[in-house]
Amino acid sequence: IEGEAHSQTFTIECLIKKSNIKTQGVGNSRRIAEQEAASKAYQLMLELN
């Protein structure tokens, strides 16, 4: 978590060990950052299969 209390930036990492996938999401809320990281991981899984 970075920034002042009124304008924080959250950085979340999504790791899928079985597929060796590691992505990162950034957003102004934890939920948005989590969704971005998960979405990126999902897209990578689709590309690899």
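Any read-out appearing in this document is the output of simple, stated calculations on the displayed coordinates, not a laboratory observation. Note that the structure is a prediction, hence the values are computed from the model and not measured. Using ideal geometry, Cβ is built from the backbone for each residue, glycine included, and neighbour counts are taken over all protein chains shown.
Pick from the chain the residues that are part of a strand (DSSP E or B) and among the charged types (D, E, K, R): which of them is nearest to the chain's Cα centre (by Cα)?
First, pick out the residues of the chain that are part of a strand (DSSP E or B): 2, 9-16, 21-27.
Pick out the ones that are also among the charged types (D, E, K, R) and you get 2, 13, 22.
Details: Glu2: 15, Glu13: 5, Lys22: 9 Å.
Applying the filter and picking the extreme gives Glu13.
Does Ala33 satisfy the criteria of being in contact with a Cys (Cβ under 6 Å, 6 or more places away or on another chain) and either surrounded by 14 or more Cβ atoms within 10 Å (Cβ to Cβ) or aromatic (Phe, Trp, Tyr) (or both)? No.
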